[in-house]
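The values are calculated or read from the model by the stated rules, or taken from the named source; none is laboratory data. If you're wondering where the values come from, they're calculated on a predicted model, not measured in any experiment. All Cβ positions, glycine included, derive from the backbone under ideal geometry; neighbour counts span all protein chains shown.
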Amino acid sequence: MHTLPKLPYSYDALEPHIDKVTMEIHHTKHHQAYIDNLNKAIENHSSLANLSVEKLLLKIDTVPSDIQQAVINHGGGHANHTFFWKIMSPKKTSPGEMTLKVLKEKFWSIDVFKEEFTKKAMGVFGSGWAFLISTSKGLVLKRHSFQNSPLLHNNSPILGIDVWEHAYYLKYQNRRAEYVKAWWNVVNWDEVERNLVKALS
Ligand code: MN3
């Protein structure tokens, strides 16, 4: 049985960049719905009952075909949001040693990286995510439609932003660029560093 993880901060902690009502609805309604639908999809498949959502996505080929898409959508939604809450923080952080090293190698500077990542986020057509992922070929910026998880392709998410309208509409309406710009203020660079160290070790 998958359950909603607690937020590592209060609903209003990311104000003014991300507002309390958005956070509360996003966590208790949207994320909860992915979990409920994932539980429903796997309820008659006892062999899957004890697998973590990450395992389910990494081993998506072994998930029965009649529920595969449901696991991609709702398991992906569960995993992506669990990741997303941790990649944000009310605490002011800055890029760590490993983060600086690998992002400068790949993008020249943190500012260029942020520009490129922002472009990806702005280029998501409709509902989806922009991710920095670690792949067998190194670090890659990638757009993902809907709730498709990097884990489906055996890649590790390092940083990611939810650009579904439910993530910003109440405060920013259609102004995704303003949301993405504000979001950089709450990025948890400590978590980015941990993700990188784990992926590259
Ligand atoms: Mn969302």
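Here are a few things to note about the model shown:
- For the stretch 185-195, the set of residues classified as of a type outside the set (Lys, Arg), more than 13 Å from Gly160 (Cβ to Cβ) and out of contact with any His (no Cβ under 8 Å at 6 or more places or on another chain) consists of Trp189, Asp190, Glu193, listed by residue number.
- The residue that is surrounded by the most Cβ atoms within 10 Å (Cβ to Cβ), counting only those in the stretch 42-66 that are among the acidic types (Asp, Glu) and free of Cβ contacts under 8 Å to residues at least 60 places away in the same chain, is Glu43.
- Given (1) assigned to a loop (DSSP other than H, G, I, E, B); (2) closer than 18 Å to Asn195 by Cα, index of the condition Pro90 fails: (2)
- Considering the conditions (1) surrounded by 20 or more Cβ atoms within 10 Å (Cβ to Cβ); (2) away from the ligand (no atom under 16 Å from the Cβ), Trp184 is excluded by exactly one of them, (1).
- Selected residue (only one of Glu115, Glu165 is without any contact (Cβ under 8 Å) to a residue 12 or more places away in the chain, acidic (Asp, Glu) and surrounded by fewer than 17 Cβ atoms within 10 Å (Cβ to Cβ)): Glu115
- Matching residues, the stretch 17-41, being touching a residue at least 60 places away in the same chain (Cβ under 8 Å) and of a type in the set (Ser, Thr, Tyr): Thr22, Tyr34
- In a residue-by-residue description of the stretch 134-154, the property of being β-branched (Val, Ile, Thr) and either within 13 Å of the ligand (Cβ to nearest atom) or under 13 Å from the mean Cα position of the chain (by Cα) (or both) applies to no position.
- Meets criteria (modelled with pLDDT of 95 or more, away from the ligand (no atom under 16 Å from the Cβ) and in a helix (DSSP H, G or I)) for Val21: no
- Filter result (more than 18 Å from Asn73 (Cβ to Cβ), without any contact (Cβ under 8 Å) to a residue 24 or more places away in the chain and not aliphatic (A, V, I, L, M)) within the stretch 118-141: Lys119, Lys120, Gly123, Thr135, Ser136, Lys137
- Filtering the stretch 1-16 to residues that are of a type in the set (Phe, Trp, Tyr), crowded, with 17+ Cβ neighbours inside 10 Å and either away from the ligand (no atom under 15 Å from the Cβ) or in contact (Cβ under 8 Å) with a residue 60 or more places away in the chain (or both) leaves nothing.
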